[in-house]
There are 2 protein chains.
Amino acid sequence: MQDDPNAGNGPASAGDVLAVFRSLGPQTRAEVMERTGLSRSTVTQRLDALLAHGLVVPAGEQRDDVPSRGRPAGQFAFHRDRGVLLVADVGASSLRVALCDLLGTVGLERSAVIDVASGPRAVLDVVDGLFRELLDASGRPAAAVHGIGLDVPGPVDFAAGTVVSPPIMTGWDRFDIRGWFAERYPCPVMVDKDVNAMAFAEHRAAHPDVDALLMLKIGTGVGSGIIAGGRVYRGADGAAGDIGHVQLDTGDGSDPPLCRCGNVGCLEAYASGWALVRDLRAAGRDVQGVDAALALAATGDPEAARFLRRAGRLLGGAVAEAVSLLNPRVVVLGGQVAASAGDQLVAGIRELVYRRSLPLATARLQIVPSALGTRAGLVGSALLLADVVFAPSRVGALLAG
Amino acid sequence: MQDDPNAGNGPASAGDVLAVFRSLGPQTRAEVMERTGLSRSTVTQRLDALLAHGLVVPAGEQRDDVPSRGRPAGQFAFHRDRGVLLVADVGASSLRVALCDLLGTVGLERSAVIDVASGPRAVLDVVDGLFRELLDASGRPAAAVHGIGLDVPGPVDFAAGTVVSPPIMTGWDRFDIRGWFAERYPCPVMVDKDVNAMAFAEHRAAHPDVDALLMLKIGTGVGSGIIAGGRVYRGADGAAGDIGHVQLDTGDGSDPPLCRCGNVGCLEAYASGWALVRDLRAAGRDVQGVDAALALAATGDPEAARFLRRAGRLLGGAVAEAVSLLNPRVVVLGGQVAASAGDQLVAGIRELVYRRSLPLATARLQIVPSALGTRAGLVGSALLLADVVFAPSRVGALLAG
């Protein structure tokens with residue numbers, strides 16, 4: 001992408017100064033001047049505001065990996081322990097929550113079994129109960145919470161912070177998640193799709209220098225998260241990456257299967273965890289859920305093997321189209337099905353992508369397994385939340401207000 | 001998308017100061033300080049360098065839409081007539097070139113009939129002949145050329161400035177276009193896909209506030225250009241937007257048609273200008289090219305009507321997948337076939353998109369015809385080139401060197 005011709009517009013705010021500390025670690029006043037091009041008086045003014053609010057501290061006074069003894073005098077640092085972030089990675093049947101520092105580093109964790117279709121109030125009660133446990137365990141009051149982040153298995157209007165027309169999250173449609181938390185915590189609330197959090201985490205953890213990345217989640221359902229220009233790409237409404245509901249025509253003349261979304265013939269209806277369970281049951285296997293179906297597949301069951309071969313081919317077709325449209329450098333395969341049966345899927349995916357997409361798009365393409373596995377959602381939510389909470393525009397408003 | 005936490009890093013350069021003038025027009029020194037947050041001494045230093053190189057001038061001394069009489073004293077402006085940009089919009093069978101000011105505003109134009117498959121040297125000779133005509137006509141020497149931009153109907157490695165494995169541009173594969181021009185002009189050379197230039201032009205001209213836009217070109221071939229975050233999204237290698245070669249299975253049991261790219265069953269092999277010509281000829285119609293085929297279709301020929309109905313449906317399926325992945329706010333339909341038979345195509349496209357993509361992605365989606373028509377490529381190339389030539393990093397290097 002070309003440089004942004006508007007990059008020079010707008011005065012560099014306290015938030016921009018804070019961003020230097022967040023991304024580069026402890027800095028002297030002179031280093032901040034050098035990196036921002038701001039005058040000494042502007043830097044001093046911004047720094048004073050950040051110091052007054054406790055977001056920046058003299059470097060010796062904050063916990064860090066580097067021992068404070070021996071640190072050059074006059075350094076300042078982001079005060080990552082000034083408060084905490086709370087995040088929840090909500091799945092269809094379980095959730096995981098964590099208490100994080102202000103950089104988004106995951107600390108204490110808790111988890112619970114839930115049914116996401118029991119609705120937002122029931123699920124958020126569980127989330128908040130675990131949040132309270134984490135705050136108690138760490139001796140932090142609710143007032144120390146600087147931000148709350150949720151990632152969920154459904155379409156999200158990111159700007160509004162609501163789930164919209166979700167196939168499986170019964171009762172969540174446009175539920176006011178922010179309002180629910182606002183009664184309990186005085187801080188911003190971010191809601192995102194699980195696949196966006198996963199994509200962001202994989203990018204930061206394993207592929208930080210890659211400009212374009214596609215995270216394909218093959219779990220109970222199928223979805224994808226897109227990194228473009230190093231950031232999460234959400235599209236105009238937050239609906240980007242909806243690869244699970246592209247419609248296939250398999251060309252074999254069979255009736256297309258009904259999908260959870262109400263349409264027929266979606267990729268997910270052929271090649272997901274729930275479709276595997278459905279097909280194994282239809283073949284007389286007594287499997288109670290996705291884990292059991294994957295366990296049966298791992299024993300070499302021929303019906304499961306047939307399903308996975310076909311799923312690999314169909315996923316491959318969809319990934320080939322995504323590669324043609326998005327030209328990612330890396331495709332990351334994550335989710336429960338990919339973790340358990342990735343080897344059986346990846347051959348089909350590779351074959352279709354290399355056969356169908358342009359040589360220019362595949363010559364340097366990597367197709368790799370998830371580096372973070374089941375932790376990707378939680379880790380990514382925390383990192384995304386830290387960026388939202390400390391976005392330069394928000395920090396500016398915070399210090400002004 | 002979230003704010004960039006790294007936005008504050010790196011000193012604001014002379015290029016950033018120039019960007020203020022380029023995007024906002026004439027400014028006083030105080031206004032530049034206010035908009036950049038830079039100190040008076042830094043602004044003065046940057047401005048002196050820009051004045052010394054003639055890229056910025058006291059506002060009264062440059063041509064502009066606003067009369068210089070009555071302009072507030074002490075204003076400075078980007079010197080858009082300090083030099084010129086030369087651009088060429090290269091098609092399969094014709095090309096158009098223009099002389100532009102440094103903002104990328106198209107001025108004098110010339111065009112020629114070519115065969116792009118005659119190879120780069122033959123085509124570039126024509127381009128350069130017309131460039132010389134434009135320079136002569138405007139009384140400008142080659143030394144006044146600040147940048148050269150080409151857009152072409154094939155895959156482009158944007159960083160390298162080369163065409164890579166193009167289906168129809170015989171002889172162009174990795175040809176050193178920059179080297180060819182370097183012997184003739186002492187300036188940067190940009191090469192891009194035609195659809196990227198078209199997408200950029202439509203965005204700037206008709207949808208400047210839209211964050212995510214998909215430009216679908218249905219001409220002799222089929223391709224797309226993507227705007228994400230207000231910029232051209234090219235993917236990791238410049239191959240993004242390759243929608244013409246996603247593979248369809250139409251499910252009707254027929255053998256998939258051979259595509260120009262060497263694969264079979266590509267969208268383009270069913271639903272492009274060249275496929276229309278092929279099918280009309282197979283049905284006994286004596287059409288010599290895409291224009292003739294479209295003229296026949298305009299008379300109500302039943303074979304052509306059948307083709308267009310099917311093409312609309314197949315294009316609609318592919319656009320639905322692109323909408324699901326990219327969630328654009330606007331889909332622009334351009335190219336020769338869309339211009340001539342757009343009404344017949346758009347019903348099929350609309351139907352498939354609204355049936356298949358998420359409600360969240362379609363509720364505010366607009367599907368609209370091109371605002372710039374056949375001028376989109378040329379206009380977009382000039383705007384893209386201006387951004388490349390005056391990218392802050394390049395301007396900094398230019399002034400330092």
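Values quoted throughout were computed directly from the atomic coordinates according to the rules given, and no laboratory measurement underlies them. Here the structure is a predicted model, which means the values were calculated and not measured. Cβ atoms come from the backbone with ideal geometry, glycine included; neighbour counts cover every protein chain shown.
Key figures
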| quantity | calculated |
| --- | --- |
| Charge dipole (the protein assembly as shown, unit charges on Cβ, about Cα centre) - positive-most of A:Gly171, A:Ala144, B:Trp274 | A:Ala144 |
| Shape metrics for the protein assembly as shown, restricted to C-alpha atoms - Rg then Dmax, Å | 28.0, 87 |
| Tail beyond 16 Å, pair distance distribution of region B:199-239 (Cα, percent) | 35 |
| Burial ordering of B:Tyr185, A:Tyr233, B:Tyr270, fewest other beta-carbon atoms within 10 Å first | B:Tyr185, B:Tyr270, A:Tyr233 |
| Electrostatic dipole magnitude of chain B [Cβ: Lys, Arg +1; Asp, Glu -1; Cα centre; debye, to 20] | 580 |
| Kirkwood hydrodynamic radius of region B:254-401, Cα pairs, Å | 17.5 |
| Using a Förster distance of 45 Å, the FRET efficiency for A:Leu24-B:Asp115 (Cβ separation, nearest 0.05) | 0.25 |
| Peptides A:140-153, A:41-54 ordered by average Cβ neighbours within 10 Å, highest first | A:140-153, A:41-54 |
| Value of D in µm² per second that Stokes-Einstein yields for chain B, Kirkwood Rh from Cα pairs, at 37 °C (0.692 mPa s) | 145 |
| Net lengthening on full extension, B:Ser393/B:Ala283 (0.36 nm per residue, minus Cα-Cα) | 34.0 nm |
| Farthest toward positive dipole pole in the protein assembly as shown [+1 Lys/Arg, -1 Asp/Glu at C-beta], among B:Pro188, B:Gly221, A:Ala339 | B:Pro188 |
| Fraction of beta bridges assigned by DSSP in the protein assembly as shown that are antiparallel (%, nearest 5) | 60 |
| Debye, to nearest 20: dipole size of the protein assembly as shown, +1 on Lys, Arg Cβ, -1 on Asp, Glu Cβ | 820 |
| Farthest toward positive dipole pole in chain B [+1 Lys/Arg, -1 Asp/Glu at C-beta], among B:Ala159, B:Gln45, B:Ala239 | B:Gln45 |
| A from B by rotation - nearest chain B beta carbon to the axis, in Å | B:Ser39, 2 |
| Copies compared at A:Val113 - label distances in nm, ascending, label defined 7 Å from Cα in the Cβ direction | 7.7 |
| A:Glu351-A:Glu303 FRET efficiency (beta carbon distance; Förster radius 22 Å; 0.05 resolution) | 0.50 |
| For region A:182-338, projected area of the alpha-carbon convex hull averaged over all directions, nm² | 12.0 |
| Dipole magnitude (debye, nearest 20) for region B:260-401, charges at Cβ of Lys, Arg, Asp, Glu | 320 |
| Computed FRET value (nearest 0.05) for B:Ala400 with A:Asp176, which takes r as the C-beta separation and R₀ as 35 Å | 0.05 |
| Under 18 Å from A:Lys217, Cα to Cα: aspartates and glutamates that are on another chain or at least 8 residues apart | A:Asp89, A:Asp151, A:Asp192, A:Asp194, A:Glu202, A:Asp242, A:Glu268, A:Asp291, A:Glu321, A:Asp343, B:Glu321 |
